[in-house]
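Here the structure is laid out as structure tokens; the discussion comes afterwards.
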Amino acid sequence: MTALVSVRDLAVDFGAAPVVSDVSFDIEPGQCVAIVGESGSGKSVTARALLGLTGGTVTASQLRFDTINIADASPRQLQRLRGRDIGFISQGALVALDPLRPVAREIADPLRLHGSLTAAERQARVLELLTQVGVPNPALRASQRPDELSGGLRQRAVIASAIAMQPRLLIADEPTTALDTTVQAGILDLLERLRAEGAAILLISHDLAVVSRLASHLLVMSGGRVVESGPTEEVLTDPQHPYTASLIAAVPIGRARFERLTNRPAAAVPVESVVMKPHSVEPASTEPASFDPASFDQYEVLSADGLCKRYGSLLAVDDVSFSLHRGRTLGIVGESGSGKTTLARLVLALERPDSGDVTLLGEPWTGVPESARRARRPRIGAIYQDALSSFDPRWSVRRILADALGGSAAVPALLESVGLTPELAARRPRYLSGGQQQRVAIARAIAPRPDILVCDEPVSSLDVSVQAQVLDLLDDLQRSLGLSYLFISHDLGVVRHMSDDVLVMRDGRVVESGPTGAVFGAPQHDYTKGLIAATPRLP
Amino acid sequence: MKRLLAWIGVTALIFLLIAALAPGLLAPADPLAINPTQSFRAPSFDHLFGTDESGRDIYTRVIHGTGASLLIGVSATAIGIGLALVFGLLAGLGPRWLDFGTTRFLEVLFAFPGLLLALLFIVVYGPGVITSTIAVGLATAPGYARIIRSRVLVVRRAPYLEAAAVLGRGWWFRLWRHLLPNVAGSLFVLVTLGIGQSIVWASSLSYLGLGAVPPAAEWGAMLSAGRTYLASFWWMTFFPGLFIMISAVASTLVGRGLQERNRDS
Amino acid sequence: MAFVLWAVATVTFFAIRLIPGDPAEAILGGPGSQASAAALAQARADYGLDQPLFVQYLHYLGRMLRGDLGTSYALKQPVLAVVGENLGGTLLLAVVSLIVAAAIALALAAWSAQGGRVASGVSWLLEVIAAAVPHFWLAISLILLFSTTLGWLPPVSVPGPIGLVLPILTLALPLSGFLAQVMRESILDAIASPFVLAARTRGEGSGGVFWRHALRHAAIPAIGLAGWAFGSLISGAVVVETIFARPGLGRSLLTAVQQRDVPLVLGVVLVVALGYMLVTTLTDLADRLVDPRLRAS
């Protein structure tokens, strides 16, 4: 059987050094080939090279789709190819549809451009396609605009548009990024069905677990090169290249608590030395001085009782209670709209609960005026998903940390404690990488020596290997500082790895809670069971 | 390219500042000296920009008018931005009812577009340099106020203000250390762009005979005087107008340059 | 809208009371007129100036509601008649200028969306003109070029379309610079956006991308500028009508300001405010038409 797509020695450059080089692979009809890599690995550029849409200079000894040589094709030939023979499911499901046009128009575009159907026939075909990709009530959905659709429906509409002309090759560039776990599972099932029906699929993803579910063949890219390739099973179970091995090791799914995700040893920096301000009043002075988590986890640092918060008609948080002990992590897992971020804001006393209380270190926290809280604010810190926007754009790293520490003398030591070099102090956060930004955010959060850190999706926008480093760092800090974490994430694998206890939230309510092992090992609630089933895992 | 343009703007601005602060360096002659035998001379080597109806050298007058003209632009901008700051901060920082009231009030002012508000002010207080300067300031204030208000609202909702609250920083700390400095950054751009606009507006009023009056060596007044002779002696209006344009272009280029830099950093 | 109109009328009414000096004197030709005490008293009675301020204010509002804008001091004609006489000329000027400006802006935006140095150079030049060139100076330069030097067009406005060319160019060029600037920015944003990449992966060509996607996104900020553009056109009309000696609302306003003809100034200002509000209402409607997201909320 001859390959539908054949790529040999592909290189792409944008004037300077090549961003992709020496990439070779074949895709056969009915086969799913995946390219895995982190941001900047060149995987998306490789995919776009097949459509002639890189915007750079493409060279290859072979870049063939069926009988067409893409490298030599005229713009007109390429336009005929796109949407008709090659369907593209774009990255960023939420922004891939024109917000000003009805969904039906976007789906009908390939039909209009490549087919000879009348407007009425196209409309009928759009409804057919929407049904095919599992959109309920297609007639209504077709007339709506993207912003009236949920993320999952939008991604289904994008897929409907890509398969409108029944292309022989589907390129899916991060098709499930930013989607909820259960939605992601549905999209992956749909792609699998299309493959079974005979389409060739090129899947681009940063997520090894997603890839392992669909692809029979795997390419691992790093720095614009393929570092390893082979049958998926083989690559994942017996990686030959150290980069592949580290990528697999970085996946937190199914990894025990405190097990390291990177090969770096636990931080050697004596964190105690950088944490300046000793609290004048130690409410926990009766507890043992040792930082052995096992010995002081009886002390309750934070508790919530019957928290409710309503926005208009939406009950964002509905009767949530929990208790967090010293040195432990309480994971909160839920999909978008489950109320987990609102819960975080209530705990941080940034919002006032409609009813219920939060108690911090044994004293009332939400029920008292802000002036009574201010002195105790340093005891509870926070890190967010978007670390960058939590920094004043005018401030350098040094000023941010000095402000949090109350003096700049300890800034270098603080930076080292989070694994950053002191030279970074002079820079502004926007010139740092995503991982470095999150480390600075963590440094700022631990500077006032808090007892509790609220972590709201702290690793969700980071690459897998960076995510692993940040998670390891959080583990180190927890053990050396005796921190307690309220760890919020949509990612079941991450929560499972990080938490001692867990709350599963849905529509503002806690559907299940308990020790992590018990909840995930033997889920009682159907929602939890579904969530666990939908989470992709490594073979 | 953008950088180069910004530097051209800076150079032009420096030239204008020299002309404003030490006009004698660039044009040693007396801007008010009349010479009836030399009236209405076209531009030549003797009189670079020609002469006016009394034989005064237009080049000398334009250079010596820089100070007064820039002062009008700067004062009008100061008035406009000052008023806008009060309204913008009140609306952006105050309670909801205050924002509502201020926004409605600005909406009413917007119904008097541009020059109209200035003309209304002049009809009440009469023409002249001071009234036309205030009029321009008043007329530009609603636009600035709207920009400042929306900027304040954006910064007020910024996650870094919340991060400061989590660190236990009080309202005043957040206001002085975070909010105001971040609003001020865009204010600087507004001021630079605004000075050019104010000079253009004030000169339009002068041209219509409602601003500075001849024989003062001020660009607007020179325009006003030259208006009568527009058909036959174009240089009387052209060169003062050219300098108005140069200052407006310079302020626009520098303002845009600053804007780009703000965007980058 | 009714609120804004009422507020505008109120603001202008009280603004006028701030005028130093006796309004009766102004009616009789200003402080230099040496009017007799009897004549002043007569004028006060005629114009209702002898009544308490509040009563005057109510009378004023009542007359506004009936569409009576008072009588011009200088022309001794009803303000409404003067405004009506001059409105047409200014409207024609403004509307044609707006169309010309929009056409230039659209062409420029389409051209510079293709990339290319010449296109961005020309649009940059127009942007600078828009920001930095006073209307009167542009008018003078155009007259110097097209009338004095080339002799193609008349230096003052003559009846017929030929007389409209220079006034319209004077108003349209700066406006098109502003419009082109915002349109260009949003077109470039749209072209760089993921949904345009998605459209291209479906086989859409660059023409299709421009007409089906980018243009609509560019229209949104341009429509948002409509209220401002109206103001700028009216302000410009004051200058342009004066320079080209064209009868119109702008020139009447300037004359009225120079003569301190308060009722006429008020009348024109109110009519312009009304026009402004009509434009913003239309803008809202157009916004909803172009941007479905607004319709939903």
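The values are calculated or read from the model by the stated rules, or taken from the named source; none is laboratory data. This structure is a prediction, so every number in the text was calculated from the model and none was measured. Reconstructed Cβ throughout: ideal geometry from the backbone, glycine too, with neighbour counts over all protein chains shown.
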Just to be sure I understand the filter: pairs with C-beta atoms under 7 Å, separated by 6 or more residues or on different chains, first member in region C:58-80 and under 14 Å from C:S252 (Cβ atoms), second member loosely packed, with under 12 Cβ neighbours inside 10 Å and among the hydroxyl-bearing types (S, T, Y). Which pairs pass?
none
Looking at (1) touching a helix residue (DSSP H, G or I) at 6+ places or on another chain (Cβ under 9 Å); (2) closer than 18 Å to B:A216 by Cα, which one does B:S39 not meet, given that it meets all the others?
(1)
Limited to region C:197-213, what total is found for residues that are assigned to a helix (DSSP H, G or I) and facing chain A (nearest Cβ under 8 Å)?
8
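Specify which of the listed residues (C:A222, C:A218, C:A229, C:A256) is within 30 Å of B:Y125 (Cβ to Cβ), of a type in the set (A, V, I, L, M) and more than 9 Å from chain B (Cβ to nearest Cβ). I'd like the intermediate steps shown before the answer.
Values: C:A222 fails: within 30 Å of B:Y125 (Cβ to Cβ); C:A218 fails: within 30 Å of B:Y125 (Cβ to Cβ); C:A256 fails: more than 9 Å from chain B (Cβ to nearest Cβ).
When all the criteria are applied, what remains is C:A229.
Tell me, which strands (runs of 3 or more DSSP E) wholly within region A:480-539 include 1 or more residues that are of a type in the set (D, E) and either out of contact with any Gly (no Cβ under 8 Å at 6 or more places or on another chain) or surrounded by 24 or more Cβ atoms within 10 Å (Cβ to Cβ) (or both)?
On the way: elements: A:484-489, A:501-506, A:509-515.
It comes to A:509-515.
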Among (1) farther than 30 Å from A:L315 by Cα; (2) modelled with pLDDT of 90 or more; (3) assigned to a helix (DSSP H, G or I), the one test that A:S389 misses:
(1)
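Taking A:A160, is it small (G, A, S), more than 19 Å from A:A49 (Cβ to Cβ) and crowded, with 24+ Cβ neighbours inside 10 Å?
Details: small (G, A, S): yes; more than 19 Å from A:A49 (Cβ to Cβ): yes; crowded, with 24+ Cβ neighbours inside 10 Å: yes.
So A:A160 fits the description; yes.
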Out of region B:117-138, which residues are at the interface with chain C (Cβ under 9 Å from one of its Cβ atoms) and in contact (Cβ under 8 Å) with a residue 40 or more places away in the chain?
B:A118, B:L119, B:I122, B:P127
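So which residues in region A:430-445 are of a type outside the set (K, R) and crowded, with 23+ Cβ neighbours inside 10 Å?
Step one: of region A:430-445, the residues of a type outside the set (K, R) are A:431-438, A:440-443, A:445.
Of everything in region A:430-445, those that are of a type outside the set (K, R) and crowded, with 23+ Cβ neighbours inside 10 Å turn out to be A:Q438, A:V440, A:A441, A:I442, A:A443, A:A445.
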Within region C:173-196, restricting attention to residues that are in contact with a Pro (Cβ under 9 Å, 6 or more places away or on another chain) and closer than 28 Å to A:T54 by Cβ, which residue is farthest from the other protein chains (Cβ to nearest Cβ)?
C:M183
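I need the full set of residues from region B:221-239 which are under 13 Å from B:A202 (Cα atoms) and at the interface with another protein chain (Cβ under 9 Å from one of its Cβ atoms), in order please. Explain how you work it out, then say what you get.
Of all residues in region B:221-239, those under 13 Å from B:A202 (Cα atoms) come to B:221-224.
Of everything in region B:221-239, just one residue is under 13 Å from B:A202 (Cα atoms) and at the interface with another protein chain (Cβ under 9 Å from one of its Cβ atoms), namely B:L223.
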Residue within region A:180-194 that is within 29 Å of A:L153 (Cβ to Cβ) and not in a helix (DSSP H, G or I) present
yes
Among the residues listed as B:G88, B:G65, B:G92, B:G73, the single one being in a helix (DSSP H, G or I), more than 24 Å from the chain's Cα centre (by Cα) and crowded, with 21+ Cβ neighbours inside 10 Å
B:G92
Of the residues A:I442, A:I446, A:I383, which is over 18 Å from B:P159 (Cβ atoms), modelled with pLDDT of 90 or more and of a type in the set (V, I, T)?
A:I446
Has region C:276-284 got any residue that is closer than 25 Å to C:A139 by Cα, under 12 Å from the mean Cα position of the chain (by Cα) and more than 8 Å from chain B (Cβ to nearest Cβ)?
no
For region B:195-220, how many residues meet the condition of being within 17 Å of B:L117 (Cβ to Cβ) and away from chain C (no Cβ under 11 Å)?
2
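Quick test for you: out of A:G52, A:G83, pick the one residue that is within 11 Å of chain C (Cβ to nearest Cβ), in contact with a strand residue (DSSP E or B) (Cβ under 9 Å, 6 or more places away or on another chain) and either more than 19 Å from C:S206 (Cα to Cα) or buried (at least 16 other Cβ atoms within 10 Å of the Cβ) (or both).
Values: A:G83 fails: in contact with a strand residue (DSSP E or B) (Cβ under 9 Å, 6 or more places away or on another chain).
After applying the criteria, what remains is A:G52.
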Does B:G80 meet the test of being more than 9 Å from chain C (Cβ to nearest Cβ), in contact with a Leu (Cβ under 9 Å, 6 or more places away or on another chain), modelled with pLDDT of 85 or more and surrounded by 22 or more Cβ atoms within 10 Å (Cβ to Cβ)?
yes
B:F188 free of Cβ contacts under 8 Å to residues at least 60 places away in the same chain, within 14 Å of chain A (Cβ to nearest Cβ) and more than 20 Å from C:G250 (Cβ to Cβ)
no
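Just give me the residues in region B:184-207 being among the hydroxyl-bearing types (S, T, Y) and more than 22 Å from B:G65 (Cβ to Cβ), in sequence order. First the steps, then the outcome.
Of the residues in region B:184-207, the ones among the hydroxyl-bearing types (S, T, Y) are B:186, B:192, B:198, B:203-204, B:206-207.
Residue satisfying the conditions is B:S186 alone.
Here are B:I122, B:I134, B:I148: which of them is crowded, with 19+ Cβ neighbours inside 10 Å, under 14 Å from the mean Cα position of the chain (by Cα) and hydrophobic (A, V, I, L, M, F, W, C)?
Working: B:I122 fails: under 14 Å from the mean Cα position of the chain (by Cα); B:I148 fails: under 14 Å from the mean Cα position of the chain (by Cα).
Going through B:I122, B:I134, B:I148 in turn, the sole match is B:I134.
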Test for A:L261: is it in contact (Cβ under 8 Å) with a residue 24 or more places away in the chain, assigned to a loop (DSSP other than H, G, I, E, B) and surrounded by 21 or more Cβ atoms within 10 Å (Cβ to Cβ)
yes
Tell me which residues, restricted to region C:179-214, are closer than 15 Å to C:A105 by Cα, in contact (Cβ under 8 Å) with a residue 60 or more places away in the chain and not β-branched (V, I, T).
C:L179, C:A180, C:M183, C:R184, C:L188, C:F210, C:A214
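Would you be able to say whether some residue in region C:143-165 is of a type outside the set (A, V, I, L, M), part of a helix (DSSP H, G or I) and buried (at least 22 other Cβ atoms within 10 Å of the Cβ)? Break it down stepwise before answering.
Residues of region C:143-165 that are of a type outside the set (A, V, I, L, M), as a first pass: C:146-149, C:151-152, C:154-155, C:157, C:159-161, C:163.
Those left that are additionally part of a helix (DSSP H, G or I): C:146-149, C:161, C:163.
Checking which are buried (at least 22 other Cβ atoms within 10 Å of the Cβ) leaves us with none.
So far as region C:143-165 goes, no, none of its residues is of a type outside the set (A, V, I, L, M), part of a helix (DSSP H, G or I) and buried (at least 22 other Cβ atoms within 10 Å of the Cβ).
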